[in-house]
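All remarks here apply to the structure that follows.
The values are calculated or read from the model by the stated rules, or taken from the named source; none is laboratory data. Here the structure is a predicted model, which means the values were calculated and not measured. Using ideal geometry, Cβ is built from the backbone for each residue, glycine included, and neighbour counts are taken over all protein chains shown.
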Ligand code: FES
């Protein structure tokens with residue numbers, strides 16, 4: 001028996017200064033909806049994260065176990081993230097490549113701005 005309550009957990013940065021402007025809250029909602037629709041809420045958790053000190057490179061998603069960082073992730077390209085949460089299949093094309101170890105915060109003018117999808 002596992003000592004973990006969930007098989008996998010995705011931490012989505014939704015409380016920092018930049019990821020929410022880049023669509024992380026919409027991404028969070030889309031991931032939760034997908035996990036719910038798949039009937040996997042008893043084994044997969046999508047949780048809110050505060051700032052991960054990688055501002056401007058997001059939106060960021062960190063998946064455990066294995067601690068894989070993904071960015072930037074939009075709702076439009078979230079399917080591989082959902083597959084990793086459900087099946088454990090890695091999504092190497094979306095893996096975050098940090099510019100340097102530790103904190104990486106872009107100045108506002110250098111942020112990657114991802115247009116939000118039209119909800120209609
Ligand atoms: S706002 Fe997401 S890493 Fe800082």
Flag if residue 56 is touching a residue at least 12 places away in the same chain (Cβ under 8 Å) and surrounded by 15 or more Cβ atoms within 10 Å (Cβ to Cβ): yes
Every residue from segment 15-45 that is under 23 Å from residue 89 (Cα atoms) and assigned to a loop (DSSP other than H, G, I, E, B): 38, 39, 40, 41, 42, 43
Failed item in (1) assigned to a loop (DSSP other than H, G, I, E, B); (2) in contact with a strand residue (DSSP E or B) (Cβ under 8 Å, 6 or more places away or on another chain); (3) surrounded by fewer than 22 Cβ atoms within 10 Å (Cβ to Cβ), with residue 48 passing the rest: (1)
Flag for residue 80 being part of a loop (DSSP other than H, G, I, E, B) and either modelled with pLDDT under 95 or touching a helix residue (DSSP H, G or I) at 6+ places or on another chain (Cβ under 7 Å) (or both): no
Scan of segment 19-51 for residues that are within 16 Å of the ligand (Cβ to nearest atom) and in contact with a helix residue (DSSP H, G or I) (Cβ under 8 Å, 6 or more places away or on another chain), ordered by number: 31, 46, 48, 51
Residue selected from segment 59-68 under the condition more than 8 Å from the ligand (Cβ to nearest atom) and crowded, with 18+ Cβ neighbours inside 10 Å, by the criterion farthest from residue 20 (Cα to Cα): 68
